[in-house]
Amino acid sequence: MDLTDREIRLMKFTSSLRFDGNDVQLAASRSLALFGRVVIVFLGLQLAYAWDLARHSPIPAPMLALKLFGVVGMLLVMGWCAHQVYIRPWVIQQRTQLSRAAK
């Protein structure tokens, strides 16, 4: 299976490409993928904690909603970045290895 240009740029950005003379091989790290999952779980716990704090907060509702949307947005963006940098290269590498094995 061929990689798209976007996937190749992502693999290069995350240093998941290994150049051997004339060949290029995928070299995504399984431990970094595991680390990315741990980061996303941690961010999910932070999100749950933010919701719990908002539920018990004495701040008026409009101000609370603005603060909560800001925190939730920031946590979601951080989770998306962690997925793109740590997990997605591993998923791309696994997909290409499975397609090569099927041929």
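Obtain the nm distance between the two label points defined at Val38 and Ser15 by a simple spin-label model: each point lies 7 Å from its Cα along the Cα-to-C-beta direction.
Spacing of the two 7 Å Cα→Cβ label points: 1.8 nm.
Between Arg18, Arg30, Arg55, which gets the highest mean-square fluctuation from a Gaussian network model of the chain, Cα cutoff 10 Å?
Arg55
Take the Cα coordinates of the range 5-96, assign each an equal point scatterer, and use the Debye formula without solvent to give log10 I(q)/I(0) at q = 0.18, 0.24 Å⁻¹.
Normalising to I(0) and taking log10 leaves -0.80, -1.11.
All of the numbers you see were taken from the coordinates with simple rules; none came from a lab. In this text, all values refer to a predicted model and were calculated from it rather than measured experimentally. Note that we place each Cβ from the backbone using ideal geometry, even for glycine, and neighbour counts take in every protein chain shown.
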